[in-house]
Amino acid sequence: MKLISTMLLLLRHFECKKMILIINFGKGNLEEGFSYITLQLWSDYSPFPQQFTSCLPANLELKNSCNQWRLQYDQYHQRNSFDSRNNLDDNEDEFDFEDSVTNFSEVDFISFSNNLLETFNQWLNSDNFSNILEKIAAKLNPNEAIRLILNTDNDTLKRLPWSDWEFLNAYPKSEISLSRSHYIREEINIKLRNKVRILAIIGNTQGINVNQEKQWLNQLPDAEVYFLEKPCKDDIKTILSDTKGWDILFFAGHSNTKENTGILSINDSNERDVTINELRCHLKEAIKNGLQVAIFNSCDGLGIGDGLASLYIPITIIMREPVPNKVAQVFFHQFLESYANQKLSLYIAVKNARKKLETLDNDYLTASWLPMIFQNPSFSPPSWVELGGFSPCPYLGLNAFQESNADLFFGRETLINELEDLVKQNYFIPLVGASGSGKSSLIFAGLIPKLRQDINQNWRISWFRPNNNPFEGFVKAISQFTNNSYDRFQELQLELDLENDRTAISNCFNQIIQNFNYSSNLLLIIDQFEELFTLCNKSQREAFLKSVLTAINTVYKLTVIITLRADFLSYLLNSVEWGQLLKQYSPQYITSMNREELKSAIVKPAAFHGVKLKDKLVDQLIDDVYQEAGYLPLLQFTLTELWKQQKKGWLTYQDYETIGGVRTALANYAESVYQKFYQEEQEKIKKIFLQLVTLKENNQPTKKLVTKDNNFVRENWQLITRLASSHLLITNSLEKEITVEIAHEKLITAWPRYYQWIQEHQDFLRWRSQLSNNINQWRNCLQIKQDQPLQLRLFLSKKIEIWKNYQQQKGYLLKDSPLINARIWYKKRLHELAEEEKEFIEKSLKLRRNQKITISLISISVLGTISLVSIFAWVQSKERQLEQLIRYASSQVITSENLKTIIDVLPNYLNSANQREKSNQIKQAMDDYRQILRVANNTYEKIEKDPHIFQNVSNVQDKITNISQQAESSLAEMISKYRLPKLEQQLTNKQFGERKISQMINPDADTIEYDYTQTIYTDALKTTHDIIMSDIGAKTDQNSNDIIDEGEEKMIPCQTLIQIEKLWRKATNNQCGWYGEDNVWQSNCQPFKGNTLTNMLMYPSDVPLLENRLHQCQIL
């Protein structure tokens, strides 16, 4: 999708640069030749044309060949019995067929077609004309869109195969149109509206099918379509005169041309035909009222095109010969897709539709010759947007530009070129600017795409944000360089190595460069470098800064770019080593755009989509944003809101006033989103936004990244996703971690309500910010030793609680007045605190109650010469990492390297889960049991596949089985105790519930299909589903894709399945359960209309997996 989107943008870009070649054939014909032809070349680069003159010789053979081809085409058409759209009573043929139909040969038709094409191109290659074309070709760019308008009244010229003119082969974005020799520009009263108004006349359709065209028109999201089916003449005259006006006139049905007059068959009565001349006055009125495009998807339309051209309509599209029904449908579908959906120009849309017809050549010969545009050259062909359609917004609101948005990034071209030169010269580039100055956008949408085009330097580029663990981010960046993915065990080990060896990062880079045979240059981008100072703890920050500094100074062929908020530059300058580095490599400051750059950033993205901004609007936007600090996000957001006001491809100053201007657009939008929620939801929104902000040392609020592990965030995730859909929040997935943050820091000060919340709760936020610092100290208070043997570490893991008690006595937990304050906030705002914050406060309170704790160390003699301080230090950080190992093992592939570690750790982790259950940490304990069960199952499978890992494999398998059974039993007991009572109550009250499956229409098969991934359950059915699938129960759906993947069914405890079965059977007189009399598909269950519980709850492909589990549990 990303590649397709980029190609469409490039195509639109080239459309903006267009050339127009008008060829006026003057007086003449093929019998006498064309003695004076003028060729005018117009371009966007000049308001004045270049003009050439030429001539073409007489060519009677070409005229005869064209007539012969038309004769053969009609015979081919009749011989193949195509459902065509020519008039039903058209028995008067233009040519005398005699008995030639019976002698028709498809090979002959192909021969006639090739002969016509060859004769046609030879004629256009005559010396005088080809010489002029060579001069014109020198001024054309093959990448630009080229419109060729043939100005002639000669009927034979109009019927020649211009689309296959050899001259056009060099210009893939070229398309031909016809025009009359006489044309004028009459005033059209363009109506401003937000939808394209289409009059669709469905005439006599006997023998043909136009349902597809009707369906496609109805599916246009930004069109208002009025269908007039089988009308009489007066109906057409009345509707054409509608003062509201029409933008497009569409006709489908039978038609033909007689004596240069277009005839439409509009119904199946005796007076079914109407000529264009009969509708002339009413068509003229429709054009005056705004009609700009007419499309006749019917046969033999040259007379129709000529008739409408004489009324000076801007654009008419016709089929110049009889057209098979299939050809008409394929053309119209592709045209609509390109013109209305992809918002390409009208000429390119016709070009794409013609190319689509070429794919039908095996079945419908020369089908691509049939479509033809008639244009009034005094008008530009209108885009879909100019007709009133709505184009996708090219502005990004509060989001930063990414590499995929490079084609919409304007205004920083000079700075991008300067940075490109710097990257080739310097090993370190600090990019410094205020919040909202566009640092990240400059790198990702500007510099990176530019460097990727430089094949000589062979850049390999990777990036990351520090977040709260810069080493974890760096490991991810390494995998981007090498295209190798580490499992989480390898990542954790690498993180530990990096954190404790300042040369480790340098060694990684040197190894990568060596692996590429020194042929590649590495570019590492550390975005939002200030997160080192706002989110990371001190020990990690200092270790990371030293490691990066070493890499910059020692690694050849490595360049490092950091983006840093200007208010954090002093943090780096306070370091002697980094101060010296900044002296050697001066910061590159991102300053405000000048007026010309801002104009480019405002106007050019809109031009990509055919939308223009009034000069007054552009000037006012620039004047207003100059008043604001960090204005770029505000500007982008304002333009995003302004885009919704576009009409007919224009944005005006009045639209700008409607949204309230730059200063109030963001506030108004945020407030409007907030007001759409119920009062109860608004209170939760307030707490959510307070979760996403922290106070700096100077009490200035700044945004904060929060993970879904936060209980309050997890419980309100549905509300958060709705806010993210409204672009006030941003949710993201970083490996296994899901995060949320406010869309942009500017929201804090731009939205008065949010700022007021912060002021009202600044005491709580200030305390929480200090608490975060205390927790970081507590977690990383001792220097970690990493050179201990693995088995020794596993032994020490058993003593974790003892060492925790020791560190508490060292004084890293809260005491005295900080503990009193914490206790007050704990009681007031418990529900808003993260689990880690609660744990820290609870342990501090516990320490106060138990001042005298005896520290006993078991088997300390085995530690040999290892110092006691090293032991304490190692255990301090290892508990969390051992827990991480288990959690990542539950979702990662288990390898022989980490298998023994897992087996040693599992019993300890099971004991920990038991302790959490006893202390009523319900959710955490259930989560632990699920993780243990999944790891045990995966481990058992690994041992079965590779039994040679262990000598006493049967003993190891017994050990794993025992752990698995304990975890499954404990999980089932907790589900029974805490989850099943709700289900039992619902079933007792006969609240069985129902299932609602999303339906969608398949336009290709004309059928209704079911989307099981969009299923909604209610009451007892929902509770049962959640117990099986979600984290309130077994959480069988481990990867959250709404289905059961193979192997996940083992996560469902047998005891739970049996208990659910009993509850449902009891409540439904034994009718409803997992299975029916013979299978899991059908039963006599009345509440579910004969479906089983299995069939109701499972996606069809999941049923066999659940059935397999039911067999394993001996329920079936």
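Couple of notes before you dig in:
- Hey, Asp1031 surrounded by fewer than 16 Cβ atoms within 10 Å (Cβ to Cβ), at pLDDT below 65 and either under 29 Å from Glu973 (Cβ atoms) or charged (D, E, K, R) (or both) or not: no
- Single residue of region 602-615 satisfying the filter (among the charged types (D, E, K, R) and not in a strand (DSSP E or B)) that is nearest to Glu386 (Cα to Cα): Lys614
- Scope region 27-57; condition closer than 20 Å to Ser181 by Cα, in a loop (DSSP other than H, G, I, E, B) and without any contact (Cβ under 8 Å) to a residue 40 or more places away in the chain; matching residues: Lys27, Glu31, Glu32
- Taking the criterion of being over 22 Å from the mean Cα position of the chain (by Cα), at pLDDT 85 or above and among the hydrophobic types (A, V, I, L, M, F, W, C), the residues of region 425-446 that qualify are Phe428, Ile429, Leu431, Val432.
- Members of region 144-191 that are of a type in the set (A, V, I, L, M, F, W, C) and within 35 Å of the chain's Cα centre (by Cα): Ala145, Ile146, Ala170, Ile190
- Within region 424-453, considering residues that are of a type in the set (Val, Ile, Thr) and crowded, with 22+ Cβ neighbours inside 10 Å, the one farthest from Thr749 (Cα to Cα): Ile429
- Residue check, Asn362 in a loop (DSSP other than H, G, I, E, B) and without any contact (Cβ under 8 Å) to a residue 24 or more places away in the chain: yes
- Subset of region 582-601 that is in a loop (DSSP other than H, G, I, E, B) and more than 37 Å from the chain's Cα centre (by Cα) - its residue that is farthest from Asn553 (Cα to Cα): Ser586
- With respect to the stated conditions, Gln1059 fails to be at pLDDT 90 or above, surrounded by fewer than 18 Cβ atoms within 10 Å (Cβ to Cβ) and part of a helix (DSSP H, G or I).
- Tally of residues being over 30 Å from Pro161 (Cβ atoms) and touching a Lys or Arg at 6+ places or on another chain (Cβ under 8 Å) across region 282-319: 3
- Condition met for Thr640 (in a strand (DSSP E or B), in contact with a Leu (Cβ under 9 Å, 6 or more places away or on another chain) and not charged (D, E, K, R)): no
The rows are residues; the columns are (1) modelled with pLDDT under 75; (2) farther than 30 Å from Gly438 by Cα.
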{"site": "Gln718", "(1), (2)": "no, yes"}
{"site": "Ser733", "(1), (2)": "yes, no"}
{"site": "Arg753", "(1), (2)": "no, no"}
{"site": "Ile758", "(1), (2)": "no, no"}
{"site": "Gln777", "(1), (2)": "yes, yes"}
{"site": "Gln783", "(1), (2)": "yes, yes"}
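- Any hit, region 429-449, residues being aliphatic (A, V, I, L, M), closer than 23 Å to Leu729 by Cβ, part of a helix (DSSP H, G or I) and touching a helix residue (DSSP H, G or I) at 6+ places or on another chain (Cβ under 6 Å): yes
- Whichever residue in region 644-672 is part of a helix (DSSP H, G or I) and of a type in the set (D, E, K, R) and, among such residues, is nearest to Leu729 (Cα to Cα): Glu671
- Of the residues making up region 341-359, those that are farther than 24 Å from Gly303 by Cβ and touching a Pro at 6+ places or on another chain (Cβ under 9 Å) are Asn341, Lys343, Ser345, Lys351.
- Single condition Glu271 does not satisfy, out of (1) out of contact with any Ser or Thr (no Cβ under 9 Å at 6 or more places or on another chain); (2) closer than 16 Å to Asn204 by Cα; (3) in contact (Cβ under 8 Å) with a residue 40 or more places away in the chain: (3)
- Among the conditions (1) surrounded by 18 or more Cβ atoms within 10 Å (Cβ to Cβ); (2) modelled with pLDDT under 90, Asn24 misses just one, which is (2).
- Failed item, numbered, when Gln528 is tested on (1) more than 30 Å from Val625 (Cβ to Cβ); (2) surrounded by 18 or more Cβ atoms within 10 Å (Cβ to Cβ): (1)
- When residues of region 743-773 are limited to those that are among the basic types (Lys, Arg) and surrounded by 14 or more Cβ atoms within 10 Å (Cβ to Cβ), the one farthest from the chain's Cα centre (by Cα): Arg768
Rundown of residues vs (1) at pLDDT below 85; (2) over 30 Å from Pro381 (Cα atoms), yes/no style:
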| position | (1), (2) |
| --- | --- |
| Ser600 | no, no |
| Gly610 | yes, no |
| Leu613 | no, no |
| Tyr626 | yes, yes |
| Leu632 | yes, yes |
| Thr640 | no, no |
| Thr652 | no, no |
| Gly661 | yes, yes |
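- Listing of helices (runs of 4 or more DSSP H) fully contained in region 474-581 that carry 1 or more residues being more than 30 Å from Gln402 (Cβ to Cβ) and at pLDDT below 80: 488-500
- In the set Lys687, Lys696, Lys703, only one residue is under 22 Å from Glu835 (Cβ atoms), in contact with a strand residue (DSSP E or B) (Cβ under 9 Å, 6 or more places away or on another chain) and in contact (Cβ under 8 Å) with a residue 40 or more places away in the chain; that residue is Lys703.
- Region 215-241, residues that are surrounded by 15 or more Cβ atoms within 10 Å (Cβ to Cβ), of a type outside the set (A, V, I, L, M, F, W, C) and in a strand (DSSP E or B): Glu224, Glu229
- Options Ser298, Ser310: the member that is of a type in the set (Ser, Thr, Tyr), within 43 Å of the chain's Cα centre (by Cα) and farther than 25 Å from Val385 by Cβ: Ser298
- Matching entry among Ala340, Ala294 (being part of a helix (DSSP H, G or I) and aliphatic (A, V, I, L, M)): Ala340
The values are calculated or read from the model by the stated rules, or taken from the named source; none is laboratory data. Quick caveat: nothing in here was measured; it's all calculated off a predicted structure. Note that we place each Cβ from the backbone using ideal geometry, even for glycine, and neighbour counts take in every protein chain shown.
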